[in-house]
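Comments concern the structure below.
Bear in mind these aren't lab numbers, they're just calculated from the coordinates by the rules spelled out. Everything numeric here is computed off the predicted structure, so don't read it as measured data. Every residue, glycine among them, receives a Cβ derived from its backbone with ideal geometry; neighbour counts consider all protein chains shown.
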Amino acid sequence: MQAATIKLFLPAGDATGIRTAEISNWTGKAIAGPRTEIDMLLKRPELDSPGVYLLIGSNESGDPHIYIGEAECVKNRLKQHKEKEFWVQVMAFISKDENLTKGHIKYLESELIKKALSVGKTTLENSQGGNAALPESDIADMEVFLSKLYQLLPVLGTDVFSETTRKKATVSNTLYCCKKGLEATGQRSAKGFLVFKDSQATVPETGSIPDNIKAARAKLIEKSVLIPSGEIFVFSCDYEFTSPSFASSIIRGGSSNGLVAWKNKDGKRLKDIEAD
């Protein structure tokens, strides 16, 4: 992504309330807010415009769950979605120059759904958007619009469209977690700790395994992140955890101090590496 200057405005001065966001030299604009302020949000004149929007909440398992939609009048469509119970936040994206057509917003909706499915960080309330045939020049314009939209989403509070990418693995930044011949590799990441694809994890769990670790392992197995391979589990993809300890606990099947469990190739603990 290119460097960007983002302008955030808090109409009520509350960072958790209604927010608007713009990027320098971009024709788009974002409006976001909590469900508790939906009546105030619907008074925003920007939402009389065509655009795409996200309804953001959680499913019964506590995982991110979103609805991706488009409308020629975002305000009217949001009124209809009050009956949906799951969502607690809404984010809408419109064009300040009023040049978004029905075809444009259908294209944006479809691309957002494809992106969410490919990243895999959220479940979707709707998994299919309307396909729109656009001229090549319009597609190029919409791809620019999407790139700016993706830059704004984490600033507004959601990262479900952000792919977790590992830094180039080197001797200095690759760490190892081992247990009885099993080996997992990973590295520190922006949100905690990234375990690399093909890392190994134990199948047996300790008798004192914390409930949250046991539940998290079961969920990873259900989602096919951890897949059986003989007498062990193997990570089917890179997977980011909130901390080194959470990662090592999943790998070892019980409570684990990640600052001690993760070591570099020379056996130096993460705790000591970071102390230096």
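Per-structure values
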{"quantity": "DSSP H segments from the chain that extend 20 Å or more along their own axis, Cα-based, with Kyte-Doolittle mean of -1.0 or above", "calculated": "102-119, 136-156"}
{"quantity": "Considering only the chain, percent of DSSP beta bridges that pair antiparallel, nearest 5", "calculated": "95 percent"}
{"quantity": "Selection from ASN126, GLY28, ALA12 lying farthest towards where the dipole of segment 6-156 points positive, charges on Cβ", "calculated": "ALA12"}
{"quantity": "Assigned charges on the beta-carbon of Lys, Arg, Asp, Glu; segment 1-94 dipole about Cα centre (debye)", "calculated": "240 debye"}
{"quantity": "Top positive-direction residue, dipole computed over the chain with Cβ charges, set GLY51, ILE105, GLN2", "calculated": "GLN2"}
{"quantity": "For LEU194, LEU226, order by how many other beta-carbon atoms lie within 10 Å, fewest first", "calculated": "LEU194, LEU226"}
{"quantity": "TYR150, TYR239 arranged by Cβ crowding within 10 Å, fewest neighbours leading", "calculated": "TYR150, TYR239"}
{"quantity": "Computed magnitude of the charge dipole of segment 130-276 (debye, nearest 20; Cβ of K, R +1, Cβ of D, E -1)", "calculated": "780 debye"}
{"quantity": "Cross-link pairs LYS148/LYS168; LYS179/LYS263; LYS168/LYS191; LYS96/LYS121; LYS79/LYS148; LYS179/LYS214 - those with Cα-Cα distance over 22 Å", "calculated": "LYS148/LYS168; LYS96/LYS121; LYS79/LYS148"}
{"quantity": "Computed Kirkwood radius, in angstrom, where 1/r is averaged over Cα pairs of the chain", "calculated": "20.9 Å"}
{"quantity": "Test item: Cα-centred dipole of segment 6-156, Lys/Arg +1 and Asp/Glu -1 on Cβ, debye", "calculated": "240 debye"}
{"quantity": "For the chain, calculated [θ]222 nm from helices alone, where every DSSP H run of n ≥ 4 adds -39500 (n - 2.57)", "calculated": "-8500 deg cm²/dmol"}
